[in-house]
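J.: Structure provided below as structure tokens; questions to follow.
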Amino acid sequence: MRDGSSGFVATKKIPARLDVILAPKARRAVVLRRGPAKQVCTVGWDLSSDSFELGQWIEGRIHAYCCDLSADGEYFVYWIMKGHNHQGDYDWTAISRVPYLKAIARWKSSAGLPGGGLFVSDNKCRLHNIWYAYLACDEIIEEPNEPDDDFRYDLRNVYIRRQLRDGWKLHSKVGDVVGREVYRFEKPFGENRLLRNIFDDAEKIGLKRGDCPNEYEIVDSATGDVQSCRDWEWADIDGSRLLWAEGGKIFAADIETRGLGPAKMLYDFNDMTFQEIEAPY
């Protein structure tokens, strides 16, 4: 680009893209940091001290809507696509030890369907489009029958089930313009406040966040007022504070009786670059 003086204007830097997966029963999380395209790394997050530990980089795309953490935050299940190659080894589900990506078990996804999985206990994970598997990975057992609920045949069912397991309430679901349902989840906080998560709304995407994006709102349940948080890529409640990711950074704000306290930046992920890291196991 050119301006009227020096002739050139610096190109606006694109911020890192962030997704966060929280452990359901421990104050631990994994941050997925994307950018540039086809590069992603994992970062462990200890929420009790807000300390961050770099895991590993990998070339490819990890789909956060198919990921999960074990209840104690020790294990991470993820689905990665690395692009087509002549061997067809480009799309698999893996389980690793947090915060790393080195697999202690790995399975190819079935028939091109989304992989990943959902932990059902500290040492067992229900794999999406694969079989039940123990973390020790020396035995695979047949998946038992599961209830035939509304989410069983939805390709996004890992994310939907994870939200419901982790305290989000399903507010509504409606069909969108491409023929699949948009889910709206809510969590209460403070006095008469709700955090609303609008999941996979094709009418509101426009942010180029990839498959199954989220958009967040803060709702005053007493007045009906809605505050759009369009730039947030992820948000959740952590006890007495609200957490969110925006512009390649993670922020926190204390929950006060009638609103939120000042925002505090916890970590800036923007200047991170690809590096080779060996897992210690």
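J.: Given the Cα-Cα distance of ASP122 and LYS13 and 0.36 nm per residue of separation, how much length would full extension add, in nm?
T.: 35.2 nm
J.: While we're looking at this one, here's another question. With each pseudo-label sitting 7 Å past Cα toward Cβ, what's the SER172-SER221 distance in nm, one decimal?
T.: Result: 1.6 nm between the two label points.
J.: Here's something else I'd like to know. What is the gain in length, in nm to one decimal, between GLU278 and LYS25 on full extension, counting 0.36 nm per residue of separation less the C-alpha to C-alpha distance?
T.: Residue separation times 0.36 nm, minus the Cα-Cα distance, leaves 88.3 nm.
J.: Treating only the Cβ atoms of Lys and Arg (+1) and Asp and Glu (-1) as charged, compute the dipole magnitude of segment 241-281 about its Cα centre; round to the nearest 20 debye.
T.: Its charge dipole is roughly 320 debye.
J.: Please compute the alpha carbon radius of gyration of segment 212-281, then divide it by the globular-protein estimate 2.2 N^0.38 Å. Two decimals is fine.
T.: Taking the Cα Rg and dividing by 2.2 N^0.38 Å, one obtains 1.42.
J.: Share of segment 218-281's accessible area from carbon and sulfur, percent, 1.4 Å?
T.: C and S fraction of accessible area: 45 percent.
J.: Would you work out if segment 6-76 is rounded, prolate or oblate? Take a ≥ b ≥ c from the square roots of the eigenvalues of the alpha-carbon gyration tensor; rounded if a/c is under 1.5, else prolate when a/b is larger than b/c, oblate otherwise.
T.: prolate
J.: While we're on this one: Students often get this wrong: which residues of segment 15-37 have the backbone nitrogen under 15 Å from the point 7 angstrom along Cα-to-C-beta of ASP268?
T.: 15-16
J.: Filter the trypsin sites (Lys or Arg not before Pro) in segment 222-281 to those in DSSP coil with at most 16 other Cβ atoms within 10 Å of their Cβ, and list the result.
T.: ARG230, ARG258
The values are calculated or read from the model by the stated rules, or taken from the named source; none is laboratory data. Here the structure is a predicted model, which means the values were calculated and not measured. Note that each Cβ is placed from the backbone with ideal geometry, even for glycine, and that neighbours are counted across all protein chains shown. Surface areas here come from the heavy atoms of the whole protein model, side chains and all, with no ligands, DNA or RNA. Shrake-Rupley method; radii C 1.70, N 1.55, O 1.52, S 1.80 Å.
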